[in-house]
């Protein structure tokens, strides 16, 4: 099979804008996926003596660390990983001020909300009564999914032109979408069409052994159970409004310039190993 040629980043604007038995795989899959990621991180915390480093994307890293490497403090609470690049490294696609606000305020907010929800639920278990259990479970799903997806999002980016898609990744796009342009146009359309706040996600579907493109509303809604994100684009307004105002499509076009294809390749390779015979 011929592998597709990747278009230059500026060619994104010329791509067409393209726009599932949901009874079985819908609703709150994002919360379940975040639970898997956060549970794996918590298990590692039991022998931790210092705050964990930024999740590694180095060759040879264990698949679970590549996919679910959320840093932890010594007490098992979740920590905020530093950016893997300078705050201005993604300019002009994403400006420095937005990166500070997005990482230091919004990402940190999901971390704090996740820790608060876990602490409150622990208190409720101690007391043996569960007033407002629905609220705290919602907070756990919302903040846990937001924390996990932001870990993926920031690692999924790199300075413009610093990475290219591997041969294996190009073959995967060809096999699952026909050509790279088909993947890019569907992903762009999904991101553009998210209602309100949410995400576009390229994920590996273990039960179907294929790549799928999903939308997520908020962080935890409209996703599929078990699908592992390998590329995530945040389309909440806090990700782009300072520079692009209400022009989400312009933000998405610029974001293609800073995709970290090395990270996507490594995540896909790691996802394929989970559950493999």
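The values are calculated or read from the model by the stated rules, or taken from the named source; none is laboratory data. None of the values given here were measured: they were computed from a predicted structure. Glycine gets a Cβ as well: all are built from the backbone with ideal geometry, and neighbour counts include every protein chain shown.
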Only one of 180, 187 is over 16 Å from residue 149 (Cα atoms) and modelled with pLDDT of 95 or more, namely 187
Please go through (1) at pLDDT below 95; (2) assigned to a helix (DSSP H, G or I); (3) more than 18 Å from the chain's Cα centre (by Cα) for residue 277 and return the number of the only condition it doesn't satisfy. (2)
Residue pairs, Cβ under 6 Å, 6 or more apart or interchain, first in segment 86-99 and surrounded by fewer than 16 Cβ atoms within 10 Å (Cβ to Cβ), second assigned to a loop (DSSP other than H, G, I, E, B). List them. 96/87; 96/88
Turns out the helices (runs of 4 or more DSSP H) fully within segment 17-131 with at least 1 residues that are within 19 Å of the chain's Cα centre (by Cα) and modelled with pLDDT under 50 are 29-45
Qualifying position, being in a strand (DSSP E or B), in contact with a helix residue (DSSP H, G or I) (Cβ under 7 Å, 6 or more places away or on another chain) and within 25 Å of residue 68 (Cα to Cα), among 256, 199, 225: 199
For residue 180: the one exception among (1) under 20 Å from residue 82 (Cα atoms); (2) touching a helix residue (DSSP H, G or I) at 6+ places or on another chain (Cβ under 6 Å): (1)
Among what's in segment 199-220 and is over 11 Å from the mean Cα position of the chain (by Cα) and closer than 18 Å to residue 252 by Cα, pick the residue that is surrounded by the most Cβ atoms within 10 Å (Cβ to Cβ). 214
